[in-house]
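Visitor: I'd like to ask you about the structure that follows.
The values are calculated or read from the model by the stated rules, or taken from the named source; none is laboratory data. Treat the numbers as computed from the prediction; the structure is a model and nothing was measured. A quick note on method: Cβ atoms are made from the backbone with ideal geometry, for glycine too, and the neighbour counts reach across all protein chains shown. Quick note on the areas: whole protein, heavy atoms, side chains included, nothing else; ligands and nucleic acids left out. Shrake-Rupley method; radii C 1.70, N 1.55, O 1.52, S 1.80 Å.
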Amino acid sequence: MLENNEYQNLINEIEKVKFHNRSLLTLIGSLNDDKMQKTTIYETTVMYDLSKKDLRDLRILIQNYNGNNFAFEQNAMKINPVFIRDNLIFILRSFVNTGMFVEKGNEILKNYEQE
């Protein structure tokens with residue numbers, strides 16, 4: 001088992017990698033703004049530091065979407081506080097761009113456009 005100090009050092013290194021991934025993606029985005037309009041779910045996962053569990057739970061939420069955007073947002077924020085309205089719209093577009101949940105994702109996005 002790792003000693004407490006080794007564990008903390010490992011956590012610190014992981015946080016550095018996460019930070020550098022986000023920083024690099026932000027830099028790439030600012031240099032290639034036109035290409036970042038069609039982000040993939042992989043790029044989005046790095047930007048928002050999403051876990052597999054976050055994505056799995058969000059996927060279930062998308063699949064069970066019933067047309068109520070308020071309930072959708074409230075349930076999403078229970079999964080991860082980063083899932084606020086604007087971020088959800090961005091993430092949904094990323095799913096669609098990646099070819100995942102195209103029909104359901106477009107349905108949800110259309111409902112947001114009509115608000």
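Visitor: Would you point out the residue of the stretch 85-107, among those that are over 9 Å from I41 (Cα atoms) and either polar (S, T, N, Q) or touching an Asp or Glu at 6+ places or on another chain (Cβ under 7 Å) (or both), that is modelled with the lowest pLDDT?
Guide: N87
Visitor: Now, a different point. Output the number of the condition that T26 fails; it satisfies all remaining conditions of (1) among the β-branched types (V, I, T); (2) modelled with pLDDT of 80 or more; (3) open to solvent by 70 Å² or more (accessible area, probe 1.4 Å).
Guide: (2)
Visitor: Being surrounded by fewer than 17 Cβ atoms within 10 Å (Cβ to Cβ) and β-branched (V, I, T) is the filter; apply it to the stretch 73-84 and report the residue that is nearest to M47 (Cα to Cα).
Guide: V82
Visitor: Considering only the stretch 88-99, state which residues are within 13 Å of Y112 (Cβ to Cβ) and either surrounded by 18 or more Cβ atoms within 10 Å (Cβ to Cβ) or hydroxyl-bearing (S, T, Y) (or both).
Guide: Those that are within 13 Å of Y112 (Cβ to Cβ) and either surrounded by 18 or more Cβ atoms within 10 Å (Cβ to Cβ) or hydroxyl-bearing (S, T, Y) (or both): L88, I91, L92, R93, V96.
Visitor: Given the conditions (1) at pLDDT 80 or above; (2) over 19 Å from L109 (Cβ atoms); (3) open to solvent by 50 Å² or more (accessible area, probe 1.4 Å), which single one is not true for F70?
Guide: (2)
Visitor: Contact list please: Cβ distance under 7 Å, first residue in the stretch 67-86 and within 16 Å of Q114 (Cα to Cα), second residue among the hydroxyl-bearing types (S, T, Y) and buried (at least 17 other Cβ atoms within 10 Å of the Cβ), pairs at least six apart or on different chains.
Guide: If the second residue must be among the hydroxyl-bearing types (S, T, Y) and buried (at least 17 other Cβ atoms within 10 Å of the Cβ), the pairs left are F72/Y65.
Visitor: A follow-up question, please. Among the residues of the stretch 100-115, how many are under 17 Å from the mean Cα position of the chain (by Cα), surrounded by fewer than 17 Cβ atoms within 10 Å (Cβ to Cβ) and of a type outside the set (V, I, T)?
Guide: Looking only at that region, the number is 3.
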